[in-house]
Amino acid sequence: MTGGGRASEGGEEEVRGARRIPGPRGAADDLDLASVPLPPLPPPGGNAPDEAVPEQAQPASASASGDTSEADTGEPGPDPAPGPAAEAWPEPEPGPEPEPADGHPHPAAPEPEPAAPAAEAWPAPDPEPEPADGAPEPPAPDPLVSSAPVVLPHQVLKALLGAWALSACSAEETAAVEDHLTGCAPCADEALRLRDAVGLLHTDGSLDLDPTLRTRVLDGCFGRRPARIPVPEWAAPYDAETARLDALLRDIGDSEWHAPVRLQWFEEERRVSRRTTVAGVIGHLMAVDGLLSAALGLDDPLDGGKAPLDPTERTETYWSATRRPPTRAVREPWRAQSHELIRTASFAGRNVAETSVSYGAFALPLQDAALDRAFECWVHGGDIADAVDYPYPAPSAAHLHRMIDLAARMLPAALAGRRSAGLAGPAKDLVAAGAPGRSLHLEIEGHGGGDWYIALDSPAAVGAPERAVAQVALDGVEFCRLVAGHISPVEAAAGQEGDREAIRDVLFAAASLSRL
């Protein structure tokens, strides 16, 4: 270097107006972004004003004599004088002089000359620069995230409940609505109803009604307020089965009323069948129910004074009198007739339970006749359900048990009738009426099951466990299908033990209870 290092002064003057490199910034996580002011934008069409760079002086160790340091010669030089350590600066190249990274003069350099303060283009976050005197203070920026809740009037919040239920509100609206629901009971109730309604919009759930819905609704209604005139207990199975069949009929289309249905029953030792339609089956039920209507003094759809009493003959009379094939129009008169029967029996109470209902060849008390009609309504409801491919479960256990009990009580008389016709074995041990006689233990398992003892030699005798000579075990629904004539005695899946002749006679007597 020549000139004692003065050559750098001209270059220093050239870089005084250059921009400074901003100092190191703090981490973004350490800053309060809401309190940091945005930098002022430069005026349009021009550049930002130049900033002055603080004046820097030549190191004191550099002299015009051209002494070199240890770094220049590689040899140790004289010890420095006491005071701040000084270090020789290399000869600067033409151009701006480098500045330490921290923006402050080198510790070994002499104190720089004072310079006018200037604002940095990108000020450090701390400390915050103060505005110059007379200059307007820049407005504070909006916070990035607002913690204050949105205040909305009640009517607006109420109108937002639908969007809130659909999860279509913004975050601020959702917070405002949910805060409002904690203090407004009417809006909270409405919000719950809307959320339940939104659940019905999903297509993954079935829209079919629960088949037990009617029973649960009625049980709930009767539990809260019992009927003023309740349905008699003996008429409850008929009421339930007609209602179940009516629900099936309401759910099928017009064309399905003409679906073919094959009715089956047993006569003597062979199976008999008759083909009809869904509408024809309902006409058959209405014709036979007319026997109960006549016993209660109601109108008989077949003119009770002239119509036969035998169920099969009544059905044939009704079918032949119908000029056109029956359609779904037959449902309304059949349902009105069943409602009238239940209503009349309910008003009459126990006074009509023992009223005799004639079936031509035999008669039954009204309470047993109503149970018989409930059994036939269930059986033919199953026939219709099979024809139209519709689910149709068995009756409740309590009602099915009563139907099985009626069939078991009718077996001794049916067995005596077959013996009179030469279709069953002779009596082996006759006893006095009411005395325990030879018996068969009928064990019904499963739905509606129980134990019954069937007198074998006389309908007047009493079945007793100590006189049992045979045992038959059957499922409850399977036994009802045997009584309805839908399966033969040979096909019945029965557990059998004891007197084989007694078992055969009882099974065939059960099948003989069936009829059209």
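Descriptive notes on the structure:
- Volume per residue that the Cα convex hull of segment 408-516 spans, once the total is divided by residue count, Å³: 95 Å³
- Taking segment 483-516 and a reference point 7 angstrom along Cα→Cβ of Ala473, the backbone N atoms nearer than 12 Å belong to 494-497.
- The length gained on full extension between Ala460 and Ile229, counted as 0.36 nm times the residue separation minus their Cα-Cα distance, comes to 79.4 nm.
- Sparse packing (at most 14 other Cβ atoms within 10 Å of the Cβ) combined with a DSSP loop state is found for the following trypsin sites (Lys or Arg not before Pro) in segment 212-266: Arg228.
- DSSP-loop GluC sites (Glu not before Pro) across segment 210-308, with at most 12 other Cβ within 10 angstrom: Glu268, Glu269
- Placing a pseudo-label 7 Å from each Cα along the Cα-to-Cβ vector at Ala329 and Glu172 gives an inter-label distance of 6.8 nm.
- Inter-label distance for Ser320 and Glu267, nm, one decimal - labels placed 7 Å from Cα along Cα-to-Cβ: 1.4 nm
- Estimated vicinal HN-Hα couplings, Hz - segment 291-302 in sequence order (Karplus 6.51, -1.76, 1.60; Gly, Pro = x): 5, 6, 4, 5, 5, 8, x, 8, 5, 8, x, 9
- Added length on full extension, which subtracts the Cα-Cα distance from 0.36 nm per residue, Ala197 to Arg350: 50.4 nm
- Accessible-area ranking of Phe479, Phe375, Phe222, largest first, probe 1.4 Å: Phe222, Phe375, Phe479
- Qualifying GluC sites (Glu not before Pro) for segment 416-506 [loop in DSSP, other Cβ within 10 Å: at most 15]: Glu491
- Considering all C-alpha pairs of segment 289-337, those separated by over 13 Å amount to 60%.
- Using R0 = 25 Å, the C-beta based FRET efficiency linking Val217 and Leu309 works out to 0.05.
- Nearest-10 value in Å² for the accessible area of Tyr390, using the 1.4 Å probe: 70 Å²
- Proximity of backbone amide H atoms, modeled 1.01 Å from N, is registered between Ala424 and Arg419 at under 5 Å, excluding neighbours fewer than 5 places apart on the same chain.
- Inter-label distance for Arg343 and Arg409, nm, one decimal - labels placed 7 Å from Cα along Cα-to-Cβ: 2.9 nm
- Label zone at Leu296, where the point sits 7 Å out along the Cα-to-Cβ direction: segment 232-266 residues whose backbone N lies under 18 Å: 232-246
The values are calculated or read from the model by the stated rules, or taken from the named source; none is laboratory data. Just so it is clear, the model here is predicted, and its values are computed rather than measured. Neighbour counts are summed over all protein chains in view; Cβ atoms, including those assigned to glycine, are modelled from backbone coordinates with ideal geometry. The accessibility values were calculated without ligands, DNA or RNA, using every heavy atom of the protein model including side chains. Shrake-Rupley method; radii C 1.70, N 1.55, O 1.52, S 1.80 Å.
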